[in-house]
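Trainee: First the structure, then my questions, so here it is.
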C-alpha cells in the first residue's frame, strides 16, 4: 500500500491516538517516525507519524 502511495506523494502521514501503543509500534515498525502532535478530524489529540518516500524500503525485513 505504501509503494502505491509513494507513486503519488512524497510523504505518508499517520495520526495515532496517544494511548494506542499497539498502532504506534506498528507504524514505527514499518519505518514511520513521530513528528509531533495535532488534533484529528474529531478534535481528539493524535501523535503524527511520517514516512518519507526517500529512504523507505518496501521490504524492511
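Trainee: Given (1) on the phi > 0 side of the Ramachandran plot; (2) exposed (fewer than 10 other Cβ atoms within 10 Å of the Cβ); (3) modelled with pLDDT under 95, where does residue 36 come up short, assuming only one miss?
Mentor: Among (1) on the phi > 0 side of the Ramachandran plot; (2) exposed (fewer than 10 other Cβ atoms within 10 Å of the Cβ); (3) modelled with pLDDT under 95, the lone unmet condition for residue 36 is (3).
Trainee: Same structure again: Would you check which residues across the range 2-29 are loosely packed, with under 15 Cβ neighbours inside 10 Å, part of a loop (DSSP other than H, G, I, E, B) and in contact with a strand residue (DSSP E or B) (Cβ under 9 Å, 6 or more places away or on another chain) and list them?
Mentor: Selection gives 10, 17, 18, 20.
The values are calculated or read from the model by the stated rules, or taken from the named source; none is laboratory data. What you see is a predicted model; the values in this text were computed from it and never measured. When we count neighbours, we look across all protein chains shown, and the Cβ atoms used for this are built from the backbone with ideal geometry, even at glycine.
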